[in-house]
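The values are calculated or read from the model by the stated rules, or taken from the named source; none is laboratory data. Not measured: the values here are computed from a predicted model. Because the Cβ atoms are built from the backbone with ideal geometry, glycine has one as well, and the counts that use them run over all protein chains shown.
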Amino acid sequence: MHAYYGIENSANLWTDKFSPRVLADLVGNSSAIATLRTWLSNWPGNQATGKASKVSTRKAILISGAPGIGKTTSAILICRELGFQTMNVNASDSRGKTGAVSDGIAGTLASTVREFVTNRNIGIDGLRSTKTALIMDEVDGMAGGDRGGISELIEVIKHTRIPIICICNDRYSQKLKTLANYCVDLPFQRPNKLQLRKYLNQIVASQRLDVDSDAVDALIEANNNDLRSSINQLQLWGMSSKHHGRNEISKKDVATSVFQAIDVLFRPSPLKTLDERLNLVFQHSDMIPLFVQENYACMRPRDSTNELQRIVHVAAASSRVAEGDVFATTINKTQNWTMMPPANIVSCVLPTSAVRGSRETFGQAERHTHRFPSLLGKLSSKSKSQRLLSELYQHFRSSGRSCSTQLEFCLWYASLTKRLLTRPLFSQARGGKELDGIPDVLNLMQTYNFTRGDWANIQEITGLSGKGPTFENPNTQIPTNVKSTFTRSCKRELQFSD
């Protein structure tokens, strides 16, 4: 036998051995735990609808945070303390529409869940129980084709008679965007270094490990404040009788989402080193510069005490963002990727350092989260407009009545063509006889091989965003009966159809 077998229950995982048994054993997130406890204890007085006007009266709660920080354990312990029976369902355990709550609330298990959430008198064991709760774990773990699962879960929340606790790792998952509107949003954070040091030192003392105190601090840093990973590392050390110091600890590779990275970069404190911030940027070097451009103006810098200082900091960040864009353009043209480190410093690290602090919203309905880059949406709209323009131009040129290029058609012909295709259908232009304008429009469309779809598309690609008569969509000025008659006439008389 080796010496390390002398450690008690060495074959068992220490994460199970030292798992919390009561609420007092939990590490960190005391405020979030108190919020969860209050919500659950007050749940019987919640409103009968699933989407309530007040957050505190919603019938479900969404706990989010990194793995291994005690989200599920906290929910179970609070339910136990308040006398709730719990049914635990892991939403990512199975796939397919025929047997999983995550995939459409179907199948035998799903029938049990439906009965469970709609009949408050049925407990886990089938006996009468007045206090029951459903814990849906890893709701963000559903596959891309399981969106019906989220929709069904929302329907269950609307009609439930018991509290539902949803748990996820990725709060920013697009699949959870709608679900979050029906839940209390409760983010969990990783415990801080002081809390983890105290807890891990207790384990070291109880297991009589030969570990330096600074090695525990290094272990916490290497595991990015991950309690579960730190305990697993201690167990590995416990299997050896040798002394353990700081030097033998290797850094854990931690995958960080782009939203988490941008939160860290804009965070007022603690400030990471330059290398650590560069590593964050390099994980999403194509996206983080766009997030910085979108959000830096919304920040109130920690070092600014008045509006003038704030403008100075924001102006400095704006200059760095512009310089970073020059770097990016140069790199793409020359393919000189050795310029990436200085480019990331200029476009991401320096701007966020200038304005790091708290985020402020510009509008009342805006969320207190960093905005997704609007540029990506604009690029998508641009691609669609280019595709529609290309189709219009092909039909226009196929008529043989013009030798213009696509650019010339866009600049000089499109706006005039739109006017000629819509003006005859206006009531004011025809003195109330707008139906008489349909033959004129059809004749022009036949001349240039336009379809009914082209008629709508040309209005879209020539439209402008704004307020006032100049920006009005001509389509809205045409009476409904005229558009209906026009559509029927197009199907009946046009040579080219969609």
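Quick one: in region 371-406, of everything that is outside any helix (DSSP H, G or I) and out of contact with any Phe, Trp or Tyr (no Cβ under 9 Å at 6 or more places or on another chain), which residue is farthest from MET445 (Cα to Cα)? Outline the logic, then answer.
Within region 371-406, the subset outside any helix (DSSP H, G or I) is 371-373, 399-405.
Restricting the remaining residues to those that are out of contact with any Phe, Trp or Tyr (no Cβ under 9 Å at 6 or more places or on another chain) gives 400, 403.
Working: GLY400: 14, CYS403: 18 Å.
Here the answer is CYS403.
Restricted to region 471-486, and to residues that are at pLDDT 80 or above, of a type outside the set (A, V, I, L, M, F, W, C) and farther than 16 Å from GLY453 by Cα, which residue is surrounded by the most Cβ atoms within 10 Å (Cβ to Cβ)?
Looking only at region 471-486, we keep the residues that are at pLDDT 80 or above, and these are 478-486.
Now narrow it down to the ones that are of a type outside the set (A, V, I, L, M, F, W, C): 479-481, 483-485.
Narrowing further to those that are farther than 16 Å from GLY453 by Cα: 479-481.
Numbers: PRO479: 13, THR480: 7, ASN481: 10.
Among residues in region 471-486 that are at pLDDT 80 or above, of a type outside the set (A, V, I, L, M, F, W, C) and farther than 16 Å from GLY453 by Cα, the one surrounded by the most Cβ atoms within 10 Å (Cβ to Cβ) is PRO479.
Checking PHE409 against (1) part of a helix (DSSP H, G or I); (2) under 20 Å from VAL441 (Cβ atoms); (3) touching a residue at least 40 places away in the same chain (Cβ under 8 Å), which test does it fail?
Unmet for PHE409, out of (1) part of a helix (DSSP H, G or I); (2) under 20 Å from VAL441 (Cβ atoms); (3) touching a residue at least 40 places away in the same chain (Cβ under 8 Å): (3).
What pairs come up if the first residue lies in region 329-350 and is modelled with pLDDT of 90 or more, the second is among the acidic types (Asp, Glu) and surrounded by fewer than 18 Cβ atoms within 10 Å (Cβ to Cβ), and their beta carbons are under 9 Å apart, counting only those six or more places apart or on different chains?
VAL346/GLU323; SER347/GLU323; SER347/ASP325; LEU350/GLU323
Taking the conditions exactly as written (part of a loop (DSSP other than H, G, I, E, B), within 22 Å of GLY28 (Cα to Cα) and under 34 Å from the mean Cα position of the chain (by Cα)), does GLN189 satisfy them or not?
Details: part of a loop (DSSP other than H, G, I, E, B): yes; within 22 Å of GLY28 (Cα to Cα): yes; under 34 Å from the mean Cα position of the chain (by Cα): yes.
Against the criterion (part of a loop (DSSP other than H, G, I, E, B), within 22 Å of GLY28 (Cα to Cα) and under 34 Å from the mean Cα position of the chain (by Cα)), GLN189 qualifies.
So, ILE311, is that one at pLDDT 85 or above and either β-branched (Val, Ile, Thr) or in a loop (DSSP other than H, G, I, E, B) (or both) or not? Give the derivation first.
On the way: at pLDDT 85 or above: yes; either β-branched (Val, Ile, Thr) or in a loop (DSSP other than H, G, I, E, B) (or both): yes.
Yes, satisfied.
Which residues, counting only those in region 289-342, are aromatic (Phe, Trp, Tyr) and surrounded by fewer than 18 Cβ atoms within 10 Å (Cβ to Cβ)?
Scanning region 289-342 gives a single hit, TRP337.
For region 195-240, enumerate the residues that are in contact (Cβ under 8 Å) with a residue 40 or more places away in the chain and among the charged types (D, E, K, R). Let's see the steps before the verdict.
As a first pass, look at region 195-240 and keep what is in contact (Cβ under 8 Å) with a residue 40 or more places away in the chain: 195-196, 199, 203, 207, 226-229, 231-232, 234-235, 238-240.
Selection gives ASP226, ARG228.
For region 13-124, list the helices (runs of 4 or more DSSP H) that sit wholly inside it and hold at least 2 residues that are under 26 Å from LYS177 (Cα atoms), at pLDDT 80 or above and assigned by TED's automatic domain parsing to the domain that holds ILE154; which are they?
Details: elements: 14-17, 30-41, 71-81, 107-118.
Hits in region 13-124: 30-41, 71-81.
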